[in-house]
Structures are given as structure tokens and as C-alpha cells.
Ligand SMILES: C[S@@+](CC[C@H](N)C(=O)[O-])C[C@H]1O[C@@H](n2cnc3c(N)ncnc32)[C@H](O)[C@@H]1O
């Protein structure tokens, strides 16, 4: 049986294939802490934490951090780095469609498009799990692609960039019918060897997410156009949704 794509691409190739699109995580963490007004010592879960880019700086700031991810490889990288840097984080290998810890967290973070991998029913299940795992008044931050840009065709891009390990070709296509974006990344190393992976994710509109969050007992408090707190506009770089558990 073929394994679903999200179980295959998040491995040791990921940093090379996706790293060039990442922003400075230390800066992002500083922004997130500000956007959420996170009180010191708050308990935070990073859902789809990957190699701990945000979990580790958050823990360094004194937050009690749980990093959840399905990929052994990504968690392995996270564990190694946390050990090296003396960061104390609880790493949990679990599927976000199953992970629930009732009323445990002050905040839940889903960063760098770590939501929307599955079908609508399963994506909504993830939001339901988040609602259950947050304390009353707890906050969810979703950092996502901007669906309005996708619908306008602005997400359909193709670029090749020079990276330290070769040339990276990035191709994104937004399917208006399914409202899913497919991102293909192909790295050609100087010796001609190619590695590639493809990413397929449902891109929700603000209205769709508002409905989904509402059905799970949450309420959207604000939508930003980036983690910098820029206004959310049709052409905004990202859609950053902040919601509270009622
Ligand atoms: C786009 S990466 C982002 C990682 C991290 N948030 C970051 O900013 O570096 C998405 C992450 O979600 C994880 N993931 C994919 N499917 C998952 C699932 N079903 N349950 C939990 N994590 C999953 C992947 O292993 C990967 O680490």
C-alpha cells in the first residue's frame, strides 16, 4: 500500500528542500509571543513542530513546550538540537488527527503551513482536537497560505533559486476546484544528483476557517497578513488566524 505523502516527505531531505523558504525562527517566535501576549511560563504545544525551529527558542524563553510531530526523522533532528542546546522540551510522536490532551495548554501553534494536509473531515478533526487540548480562554495561532491569493492565481509560481547545495526549483499550483495547493521542490546538486518532493495542502479561506473553529467551540479574534502582524488583505503574504477557546 502506498504511504500518504505527508508520511514520506518530512525526512532528512526536508531542510535542504524547504529550508530556503523559511524565515528566521527566533524572530518569528518573538513576533508570536507578542501577537499572543503569552504570559511567562505558559504551556504551549507546537503541532507539527518539525525539527523544533520554534519549539526550541520558545523553551529558551521559559515556556513549557510540547512538540508534536508524526515524523521520526524530524523529531530526531529536534531532539538532537535540543540536547545540544540544553533545551528541555517534551517531544511527542503522534498523529495530529489523534493527539488530544484535555485542557492542557495555554496556546497551540501551527506554523509554516502545518495544517490542511488531509481531507476536510480530518482537518476539522484536528481543529476539534486542538479545542479539546486548550484550556478555557486558551489561544490557537494558525500560520497558513492565503487562499485569496491562490484563487487570484497569484500562488501559481515557478522559480529557481541558487542555494548552498545547488539549484532549487520551486513550483506551486493552486487547484481552484479542490482548493488545494501543490508545491513541488526539486534540488539539483552540483554533481547532477536530483532530490525532490511534493507537498499537497488544502487552503482554507477565512470564512471556512471561521466556521470550522466556531463548530469546535472556538472564536476567531483576529486575522493578520503575516507573523509580523501586517493587516490581512487579499494580497497578504500569509493568513495568520488567531482564535480563542471559549
Ligand atoms: C511544513 S512542516 C513545518 C514544520 C515546522 N512547523 C516548521 O515550521 O519548521 C509540517 C510538519 O508537520 C508534520 N506532520 C505531517 N503530518 C503530520 C501528522 N499527521 N501529525 C503530526 N505531524 C504531522 C511533518 O512531519 C512536518 O514536520
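The values are calculated or read from the model by the stated rules, or taken from the named source; none is laboratory data. Note that the structure is predicted; figures quoted are calculated from it, not measured. Glycine gets a Cβ as well: all are built from the backbone with ideal geometry, and neighbour counts include every protein chain shown.
In segment 97-128, how many residues are within 14 Å of residue 216 (Cβ to Cβ) and crowded, with 20+ Cβ neighbours inside 10 Å? Residues in segment 97-128 being within 14 Å of residue 216 (Cβ to Cβ) and crowded, with 20+ Cβ neighbours inside 10 Å: 6 in total.
Just one of 167, 182 is modelled with pLDDT of 90 or more, more than 16 Å from the ligand (Cβ to nearest atom) and part of a strand (DSSP E or B); which is it? Write out each step before concluding.
Working: 182 fails: more than 16 Å from the ligand (Cβ to nearest atom).
Answer to the check: 167.
The residue list 234, 190 contains one member that is outside the structural domain of residue 115 (by TED's automatic domain parsing) and surrounded by fewer than 19 Cβ atoms within 10 Å (Cβ to Cβ), which is 190. Out of the residues in segment 1-29 meeting the condition of being closer than 17 Å to residue 52 by Cα and not in a helix (DSSP H, G or I), tell me which one is modelled with the highest pLDDT. Filtering segment 1-29 for residues that are closer than 17 Å to residue 52 by Cα and not in a helix (DSSP H, G or I), the one modelled with the highest pLDDT comes out as 24. Selection of segment 119-136 for residues being over 20 Å from residue 67 (Cβ atoms) and outside any helix (DSSP H, G or I) yields 119, 136.
Those residues that are within 12 Å of the ligand (Cβ to nearest atom) and more than 22 Å from residue 95 (Cβ to Cβ), I need them from segment 26-57; list them, please.
Filtering segment 26-57 for residues within 12 Å of the ligand (Cβ to nearest atom) gives 28-29, 32, 45-57.
Within segment 26-57, 28, 29, 32, 56, 57 meet the criteria.
Listed conditions (1) under 21 Å from residue 115 (Cβ atoms); (2) free of Cβ contacts under 8 Å to residues at least 40 places away in the same chain are all met by residue 191, apart from (1). Filtering segment 152-167 to residues that are on the phi < 0 side of the Ramachandran plot and more than 21 Å from the chain's Cα centre (by Cα) leaves 152, 158, 159, 160, 161, 162, 163, 164, 165, 167. Being away from the ligand (no atom under 13 Å from the Cβ) and not assigned by TED's automatic domain parsing to the domain that holds residue 166 is a condition met by at least one residue of segment 92-102.
Looking at 142, 227, which is the one that is buried (at least 18 other Cβ atoms within 10 Å of the Cβ) and in a strand (DSSP E or B)? Walk me through it before giving the result.
Numbers: 227 fails: in a strand (DSSP E or B).
Every option except 142 fails the conditions.
Considering every residue within segment 58-72, establish whether at least one is within 26 Å of residue 163 (Cβ to Cβ), more than 8 Å from the ligand (Cβ to nearest atom) and modelled with pLDDT under 95. There is at least one residue in segment 58-72 that is within 26 Å of residue 163 (Cβ to Cβ), more than 8 Å from the ligand (Cβ to nearest atom) and modelled with pLDDT under 95. Against the test of being in the same structural domain as residue 228 (by TED's automatic domain parsing) and in contact (Cβ under 8 Å) with a residue 40 or more places away in the chain, the options 62, 48, 52 yield a single qualifying residue, 48. Please verify whether segment 104-119 includes one or more residues that are in the same structural domain as residue 212 (by TED's automatic domain parsing) and more than 16 Å from the ligand (Cβ to nearest atom). The answer is yes; a qualifying residue exists.
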